[in-house]
Amino acid sequence: MESREDLMYRDEQMAPLDAAEIVPDTPIEQILKDTFGFDSFRDGQRDVVEHLLAGRSALAVFPTGGGKSLCYQLPALKFEGLTLVVSPLIALMKDQIDFLVRKGVRAARLDSSLSAEETRGVWDDLWNQRLKLLYVAPERFASERFLQRLRRSAISLMVVDEAHCISEWGHNFRPDYLKLAELSRELHAKRVLTLTATATASVAEDICRNFSIAPEAYINTGFHRPNLVMRAIPCSSRERDALLLSRLRERPRGATIVYVTLQKTAEQVARALADRGISARAYHAGMDGELRHEVQDWFMASPDAVVVATIAFGMGIDKSDIRYVYHYNMPKSLENYMQETGRAGRDGMESGCDLLVCPDDIATLENFTYGDTPTLQAVQGLVAHLLEQPDIFDLSIYDLAHEYDIRNLVISTLLTYLELRGIIASTGPLYNEYKFQPNTGSAEMLQGFDEARTRFLRAMFSKAEKGRTWFSIDIAATASELGEKRERLVAALNYFEEKGDLTLKVAGLRHGYRFVKRPDSTEDLAQAIFARFQESETRDIARLGQVVELASMQTCTVRSVLNYFGESLESDCGHCDRCLGEPVLPMPRLHEAEITEEQGRAVAALVGEQHAPLATPRQLARFLCGLPSPAASRARLTKDNRFGLLSRHRFATVLDLSS
Ligand code: ADP
Ligand code: MG
């Protein structure tokens, strides 16, 4: 039996594997049939599986619904160690995991929907090397306790789903994704499989470079979906409802998604359609969970339901007979367009995708991008603050977001920029506040330790402050008072939790960094970082421009879309609006309302009130356009009835007015 001390200071040793789970000698065709019940591989699947089995990392670019999951689920059964699947959408993978479990595969997920007991079960299985597949969200790596467990697991395969998020050239750059490449090396993952449905050439290049994927292991089945009939139709906001209604009425009925940008538009359009006898319902993230499920179930079961939804709808929806996807509002980029239209016609039957291009939408869509760009002053302030830190430091992104009035995601991006420039390096996440509830008496808990350890544990627990139901320990302060390393304290608490002696909760997430090389000039650095934010803003605005342009192209619409992804069609698609000879309609003129005198007076009054969160022109412009910021939200200014006063106006116009 292991002694308590060994458990507490456990090293990297491995527990034995469960031999029953390993099927290295079964041919892949047989596993495909026996376990998954499929007769043959789909396009690209075999290629990917073979690269992985040969020990190579790979990038698979298949369209949505193309069968990317099988590319790791099947090899996972042939590997000895763990297959770690990182996906932002694990909540939607519940069915897949249930399927695997039914097939006798030890698969599990760690996400916030699990009960404490379920979580503990998964952690136990991970600790004891009993899992074949583990699904986690990228945020999970912010937990040092989770990392501690992973470090001693043998990871045969790490899977990164939605891998385009690691690239700044992609449409959905997420700084926490960029760290996954580093993490795969740190965890000694034997191979990595990256997956996405949308990657332009530069995004694919970025993914391959970051994860050391050889060019021949980049498998792209192509984006062309011959059964999708694509149309890009210019229309004004006034004619839009009538256009949508007439198409819904005139075409053969079928399951339909109508995509909109804003939650309130989803409600309005669904109501307008329902009033005219169309069986339509709204779906968006602002609705309560039960109602959302109900709408989803209703849609899944119906052959001709119409759901008017924000992009929250569709991810993870596996309905093969969606006949129509309408974009009532434009998507932000062609990547989004591909993803959203990709939900139509999974059964291979002809399906219509109508993109309504309405210039009046541009302001609202662009403003989302503008709302994210921090001011030069904010960047300067933040950079100066970071450079004042000692060589090793940690910070709270949440606190900084409020102090500098920049969204969390933007702070993370800024820190990532500093990492990419080789100025700082991340040393990992840490929690400063540990809270616990004892489940047994302290005498029992401390039984069996030697004298020195008992002294240490007593000293540690004596620093805990008792609240109403939880004790809390300030880890940094306690460690320095006791002259111990914080790791020892964390390991001790984790040990007791694993034994079930106490229930642990952490709070106060901080991120650790160290300086690699301090810059010569703080000002130059701030300018360079600011320029990078501006470039990213310019790129996002251009992406939207490409969507608008689609409606003015004279050439085959499908060809134009595929061109963006670096794919060339041998011949025109034959059934898009252009191929069918439908004329290119003129783009309606942008209809921008004048800013009224009354609005002008309201703005002047607001400025006169001298609210600190609205001090700079950009902060004021954001507020007037209805884009929340941490400082304005905290000051409850977003509840003020002037919040969003000019939301229908272009950000640049409002910014001019504010300057
Ligand atoms: P993606 O992640 O690429 O969007 P999924 O992995 O979720 O797609 O697969 C989509 C659907 O295709 C699932 O219902 C899956 O069971 C099915 N599927 C995957 N591979 C095959 C195959 N070889 N034969 C038949 N069906 C398959
Ligand atoms: Mg998928």
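Only the coordinates and a few stated rules stand behind these numbers; no lab work does. Since the model is a prediction, treat every value here as computed from it, not as a measurement. For neighbour counting, all protein chains shown are included, and Cβ atoms are generated from backbone atoms with ideal geometry for every residue, glycine included.
Structure notes:
- By the helix-only formula, in which each DSSP H run with n ≥ 4 contributes -39500 (n - 2.57) and the sum is divided by residues, the chain has a 222 nm mean residue ellipticity of -13000 deg cm²/dmol.
- Taking 0.36 nm per residue of sequence separation and removing the Cα-Cα distance, the GLU216/SER480 pair yields an extension gain of 89.8 nm.
- Look at the alpha carbon pairs under 8 Å that are at least 6 residues apart: their mean separation over the length of the chain gives a relative contact order of 14 percent.
- Cα shape, the chain, gyration tensor, a/c 1.5 rule: oblate
- Candidates per GluC sites (Glu not before Pro) in the stretch 572-642, loop by DSSP, up to 12 other Cβ within 10 Å: GLU594, GLU609
- Estimated inter-spin distance, VAL584 and ARG249, nm [label 7 Å along Cα→Cβ]: 3.1
- In range of the label at PHE146: residues from the stretch 46-84 whose backbone nitrogen is under 15 Å from the point 7 Å along Cα→Cβ: 84
- Additional length obtainable on full extension of the chain from GLU594 to GLN30, 0.36 nm per residue less Cα span: 196.3 nm
- In range of the label at SER279: residues from the stretch 293-329 whose backbone nitrogen is under 12 Å from the point 7 Å along Cα→Cβ: 298-307
- Approximate spin-label separation LEU420-ARG648, in nm, with each point projected 7 Å along Cα-to-Cβ: 3.8
- Among the helices of the chain, those built from whole DSSP H runs whose Cα atoms reach 15 Å or more along their own axis and whose mean Kyte-Doolittle hydropathy is at least -1.0 are 116-127, 175-186, 237-250, 263-275, 289-301, 362-372, 376-387, 408-420, 451-462, 486-499, 522-550, 597-608.
- Label sites at THR616 and ALA201, each approximated as a point 7 angstrom past Cα along Cα to Cβ, lie 3.7 nm apart.
- Where a label projected 7 Å from the Cα of GLU350 along Cα→Cβ would reach, residues of the stretch 223-239 with amide N under 20 Å: 224-233
- Whole-angstrom gap from the stretch 85-104 to the stretch 507-568, using each part's C-alpha centre: 32
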